[in-house]
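First comes the structure, then the notes that go with it.
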Amino acid sequence: MKSRNVVACAALALVLAVPATASTFVAMSPGEMIQQSDAVVVGEVLQVESFRDPSGRAVMTQAMIQVEETLTGSSPTVVIVETFGGTVDSYTVVAHGFPTFTVGERVVLFLDEREDGVAEVVGYRLGQYRLLTNRLGQQIAVPTLEGGVKLLRPEGGEAVRPQAVPLSTLKAMIQQEARRLHRDF
């Protein structure tokens, strides 16, 4: 009986030590993301506001983005981006895999504009990069996909996660892919 308890405790400890996958998303290539985007922009988050949707069942967040540069497509100078999750009063909903925003941060976003003029980020967090400055003063585009999110190829295998790259490299890749797809930029 004692050895069973030891084995059960060891098994429980192993299960608790393995992180649970929060969400699973199908990976998209840069070309697929550009094709589904009305615009790809570089901008700064000016304002973030969370609210309940009209049904009262979901918490949503809208971020106001000042567009500094449009890499492909067309975009107004200020974009409202909506996503799932946020905090209303003391109630917080964490929507793993969905974009999050912080006032003052600079971002690259792949945007799909809805009929109501509000935009959504294409590919969830695959379509969002935060811009940071490295020790050399170089702007780096850092993917925002969390570690717990599982990313799969369309045929089922695990996909390669996006990596941080210099902003100039990301811009060149987006513009090259847009040219290949005959998209405006």
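Computed from the coordinates by the stated procedures, all read-outs in this text should not be read as laboratory data. The structure presented is a predicted model; accordingly, all values stated were derived computationally and were not measured. Here the Cβ is made from the backbone with ideal geometry for all residues, glycine too, and neighbour counts use every protein chain on show.
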- Item | Largest-first principal axis extents of the Cα set of the range 15-94 (Å) | 45, 32, 23
- Item | For the chain, fraction of C-alpha pairs farther apart than 21 Å, in % | 56 percent
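On alpha carbon coordinates alone, what is the Rg over Rh value for the range 133-179, Rh being the Kirkwood radius?
1.08
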- Item | 0 to 90° range, to nearest 10: angle between helix 2-17 axis and the chain longest Cα axis | 10 degrees
- Task: Sort 131-140, 24-33, 88-97, 107-116 for me by packing, meaning the mean count of neighbouring Cβ atoms within 10 Å per residue, highest on top.
- Result: 107-116, 24-33, 88-97, 131-140
- Item | Charged-residue dipole, Cβ positions (Lys, Arg, Asp, Glu), the chain about Cα centre, Debye nearest 20 | 1020 debye
- Gap in Å between the Cα centre of the range 145-163 and the Cα centre of the range 18-86? 19 Å
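Given 0.36 nm per residue, what is the gain on full extension from Val78 to Arg153 after removing their alpha carbon distance, in nm? Please list the in-between numbers first.
On the way: separation 75, 0.36 × 75 = 27.00 nm, distance 3.35 nm.
Full extension of this stretch gives 23.7 nm more.
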- Task: Please build a GNM for the chain, connecting alpha carbons under 10 Å apart, and tell me which residue among Gln36, Gln62, Gln128 fluctuates the most.
- Result: Gln36
